[in-house]
Each structure stands twice: as C-alpha cells, then as structure tokens.
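Visitor: Take this structure, written in structure tokens, and hold onto it; I'll ask about it next.
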Amino acid sequence: MAAGSLTAMTGRDRFLATLRGDQPDRTPVWFMRQAGRCLPEYRELRSRHPFLEVARTPELAVEATLMPIVRFGVDGAVLFADIMLPLEGMGVPFEIRPGVGPVIADPLRSIEAVNALRIVEPEEGTPYVLDALRLLKGKLGDRAAVLGFAGAPFTLACYLVEGRPTKEYPTTKALMYGNPDLWHRLMETLTDVTIRYLHGQARAGADVVQLFDSWLGLLDDASYRKYVQPYTARIFEAMRGVVPTIHFSTGTVQLLEAIGETGPDAVSVDWRLPVDDAWKRLGYRTGIQGNLDPARLMAGWDVIRNGADDILRRVGNRPGHIFNLGHGVMPETDPDKLARLVRHVHEVTAR
Ligand code: CP3
C-alpha cells in the first residue's frame with residue numbers, strides 16, 4: 001500500500017484498531033511515565049502541589065495527563081495516577097516519598113493483616129480516579145485513547161509486604177514460598193479489588209487498561225505459574241468484552257510464554273529481547289508493545305532513531321504493534337527528543 005493512502009485516523013482509533021489486530025494508518029505511540037518529571041510544566045505543577053494531591057484532585061490529574069498529549073502528540077493518554085492508590089481504601093495507608101517511591105509504615109506480614117484488608121468498590125475507595133477519567137474523556141475526545149491502569153497483585157504485594165522499594169523483594173518471595181496459604185489469600189483479595197477497580201475505570205471511560213506487573217522479572221517460570229499466573233489470568237478473563245488489555249512487565253524473558261497464556265490483548269516487552277523474537281514466542285494472536293530502551297533517549301538522536309528503526313523493521317507491516325519504551329521515561333530525558341521520536345514513528349509507519 002502506498003504511504004499515506006489509508007485515511008488518517010484519530011489517535012484513539014489508531015490505538016484501538018491495533019489492539020483488535022487491524023491495520024492502523026500509523027503505528028500508535030505512547031510512553032510509560034510520559035506525564036512526569038521530564039516535563040518542565042509537570043515540575044512546575046509539582047512545585048505547587050505534592051504528588052498525591054495531584055493524583056487525588058481530578059482537575060490537577062487531568063492537567064498532568066494532558067501535558068504529554070499536547071507536547072508529544074502521543075496516541076495514548078495514560079491517566080495520571082499511581083498503582084498504590086487503591087490500597088488506601090483497602091485499609092493500607094501509604095506515602096510516596098520523593099526520590100524513593102511508595103512507603104508503607106506498617107508492612108503486611110500476617111494472616112490477620114491479610115484478613116483485615118477490605119474489598120472496596122472504586123466508587124468508594126478511589127472516586128477521584130473515576131472522576132478524573134470522566135473529565136479526561138470529555139476534554140480529550142478522540143484525540144488519544146484513554147488508558148486506565150492498575151498494579152498487578154504480585155507487584156502490589158511486593159510493596160505491601162516489603163513496605164518500601166527494594167532491589168529483590170526477598171521478604172515478599174520468602175512469604176510466597178514459605179506461607180502459600182497467606183500468599184494465595186493475599187493474591188485473591190488483590191485480584192478481587194483489581195477487577196472491581198478496572199471495571200470501574202472502564203465504566204468511567206477508559207478505552208484500554210494496562211496491568212503493571214513491574215517486578216515480575218524476579219520470578220522463575222515454575223513459581224510464576226504456581227503463585228501469580230492464575231490471578232493475572234483471572235483479571236484478563238474478567239476484562240474480556242469490556243475493554244482491551246495490556247500486560248506490562250520488565251526483565252521477563254524467562255516468562256514470556258506463560259505471560260501470553262494469561263490472555264491479554266497485548267504484551268509489553270522490554271529491550272532485552274528483539275521485538276520480533278518476543279512476538280514470535282508469544283504468538284501472533286497477541287499484540288505487542290515496546291520496546292525501546294529508555295536509556296537511548298538520553299543519548300543523541302542517531303542512537304534513538306537507530307533503535308526505533310530497528311524495532312519498526314523487525315515488526316514490519318504486521319498489525320498489532322504499539323510503539324513504546326521498555327520501561328518508563330527517565331526524569332533526565334529531553335522532552336524535545338520524545339516529541340521528535342513520536343513524529344518519526346508516525347512518519348516512518350504511515351500507510
Ligand atoms: O505518565 C505516567 O505513566 C503517569 C502515571 C503513572 C505514575 N505511576 C505516576 C508517578 C503510572 C502509570 C505509574 C505506575 C507506577 N507507580 C508503577 C508501574 C510502572 C513502572 O514504572 O514500573 C510503579 C512501580 C509505581 C510505584 C511508584 N510511584 C514509583 C516506583 C514511583 C517513583 C518514585 C521516584 O520518585 O522515582 C512513584 C511515584 C510516581 N508515580 C511519580 C510519578 C510521576 C514520581 C513522583 C513525583 O512527581 O515526584
């Protein structure tokens with residue numbers, strides 16, 4: 001097909017067509033952590049409001065969500081929020097410590113603590129997330145797809161049990177191996193809340209939802225299948241026919257087939273595997289998202305373009321690819337390079 005011969009689509013149409021496996025007019029692009037510290041306008045907003053105030057005030061959350069749409073022209077608008085937000089309604093207060101991340105004063109280590117977790121509806125636990133989605137949808141129209149998200153049960157458990165970010169989450173894994181009754185009860189509760197939360201987001205206008213299992217790379221295949229996979233599969237099953245889903249993780253070359261079996265519409269992969277190898281292993285019935293190394297964005301334009309072109313060449317003309325980074329944008333990234341990268345991917349993939 002000659003370049004540019006498909007009628008131009010809106011960002012939302014482009015995103016949703018790709019997740020259905022249809023050919024979009026251009027490859028859709030968005031970036032994890034696109035609304036964040038790399039943007040001077042975000043830093044300015046944050047100088048006036050603490051992080052959690054931005055996340056819990058729909059007008060401010062929407063303002064932050066729209067910043068990368070205006071500046072980069074991305075096809076997906078990921079709601080400005082955090083994976084930790086649903087925990088408060090479950091009875092687990094937390095803070096986001098600058099430069100550290102999520103911190104829980106009273107980490108969860110006993111069956112009594114797990115049994116005390118509340119299963120809440122999002123209308124009660126996180127009404128401001130739903131309000132922000134409705135407001136966002138109204139302001140955005142079809143310009144970009146509205147992306148909702150949740151933390152996956154395993155990654156939430158890492159923060160709940162450890163109480164703060166660590167490198168290897170050893171206490172969490174020891175509890176998983178050593179106290180399977182507690183573990184499965186915890187996973188079931190988190191799965192229940194996550195399904196309610198994502199259904200609520202879909203009702204409030206999310207076009208797509210992404211499940212962030214950021215620390216999954218710590219597990220081997222057998223443990224993943226035993227302790228985590230059934231819960232992830234239950235979440236995607238509950239979303240089928242509601243909105244399309246994307247699974248996110250990093251460092252999970254050893255788990256790729258098992259992740260694909262959980263049934264998301266697309267799987268996000270990082271830079272550790274070439275995108276075509278990853279896709280072949282997943283099977284082409286599943287879409288793929290990724291997988292530029294965010295560190296490339298801190299180098300020169302040639303390094304960025306070569307990385308992007310290599311990904312696009314490996315994908316070829318096969319529909320089902322969402323262009324993204326393998327993990328989040330680093331705060332040091334020059335936003336002009338992100339804007340140039342979006343233009344480049346759209347130009348090169350125009351069909
Ligand atoms: O553009 C976006 O992606 C915005 C929405 C978003 C945030 N967090 C905002 C945020 C999303 C999708 C998340 C998800 C999230 N939160 C994940 C999964 C994604 C991943 O990176 O793997 C995780 C693990 C968290 C937990 C969390 N919250 C961390 C690790 C941090 C960063 C700590 C730090 O200071 O480096 C946060 C805080 C946070 N969440 C920030 C942002 C923009 C930085 C807070 C600030 O403004 O100071």
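The values are calculated or read from the model by the stated rules, or taken from the named source; none is laboratory data. Nothing here was measured: the structure is a model prediction, and the numbers come from that model. Neighbour counts run over all protein chains shown; Cβ positions are idealised from the backbone, glycine included. Side chains are part of the model used for accessible areas, which takes the heavy atoms of the whole protein and leaves out ligands, DNA and RNA. Shrake-Rupley method; radii C 1.70, N 1.55, O 1.52, S 1.80 Å.
Visitor: Quick one: what pairs do we get from segment 91-103, first residue closer than 19 Å to residue 169 by Cβ and without any contact (Cβ under 8 Å) to a residue 60 or more places away in the chain, second open to solvent by less than 80 Å² (accessible area, probe 1.4 Å) and near the ligand (Cβ under 6 Å from one of its atoms), C-beta under 6 Å, 6+ apart or different chains?
Guide: 96/51; 96/102
Visitor: Does segment 111-126 include one or more residues that are of a type outside the set (Ser, Thr, Tyr) and within 14 Å of the ligand (Cβ to nearest atom)?
Guide: Scanning segment 111-126, I find no residue that is of a type outside the set (Ser, Thr, Tyr) and within 14 Å of the ligand (Cβ to nearest atom), so the answer is no.
Visitor: I would also like to ask the following. Take residue 57 and tell me if it is among the polar types (S, T, N, Q) and under 20 Å from the mean Cα position of the chain (by Cα).
Guide: In short, no.
Visitor: I want to confirm something. Restricting to segment 90-110 and keeping residues that are under 21 Å from the mean Cα position of the chain (by Cα) and under 22 Å from residue 195 (Cβ atoms), which single residue is nearest to the ligand (Cβ to nearest atom)?
Guide: Per the stated criteria, the residue is 102.
Visitor: If you don't mind, there's one more thing I want to ask. Considering (1) in a helix (DSSP H, G or I); (2) open to solvent by 10 Å² or more (accessible area, probe 1.4 Å); (3) among the polar types (S, T, N, Q); (4) in contact with a helix residue (DSSP H, G or I) (Cβ under 8 Å, 6 or more places away or on another chain), say which one residue 23 fails and leave the rest.
Guide: Here residue 23 clears every test but (1).
Visitor: Further, regarding this structure: Scanning for something open to solvent by less than 50 Å² (accessible area, probe 1.4 Å), part of a helix (DSSP H, G or I), within 16 Å of the ligand (Cβ to nearest atom) and of a type in the set (Ser, Thr, Tyr), does segment 230-245 turn up at least one residue?
Guide: Taking every residue of segment 230-245 in turn, at least one turns out to be open to solvent by less than 50 Å² (accessible area, probe 1.4 Å), part of a helix (DSSP H, G or I), within 16 Å of the ligand (Cβ to nearest atom) and of a type in the set (Ser, Thr, Tyr).
Visitor: Any residue in segment 3-26 that is within 16 Å of the ligand (Cβ to nearest atom) and either without any contact (Cβ under 8 Å) to a residue 40 or more places away in the chain or charged (D, E, K, R) (or both)?
Guide: no
Visitor: Scan segment 148-202 residue by residue and report those that are over 15 Å from residue 83 (Cα atoms), of a type in the set (S, T, N, Q) and not in a loop (DSSP other than H, G, I, E, B).
Guide: Within segment 148-202, 171, 172, 189 meet the criteria.
Visitor: So how many residues does segment 49-70 have that are within 12 Å of the ligand (Cβ to nearest atom) and farther than 26 Å from residue 124 by Cβ?
Guide: 4
Visitor: Then there's this: Do any residues in segment 129-152 that are more than 16 Å from residue 61 (Cα to Cα) and of a type in the set (D, E, K, R) have Cβ atoms under 9 Å from those of residues that are in a helix (DSSP H, G or I) and at pLDDT 95 or above, where the two are at least six apart or on different chains, and which pairs are they?
Guide: 142/11; 142/12; 142/13; 143/11; 143/12; 143/69
Visitor: Further question: Please indicate, with yes or no, whether at least one residue in segment 112-123 is small (Gly, Ala, Ser), open to solvent by 20 Å² or more (accessible area, probe 1.4 Å) and at pLDDT below 95.
Guide: The answer is no; no qualifying residue exists.
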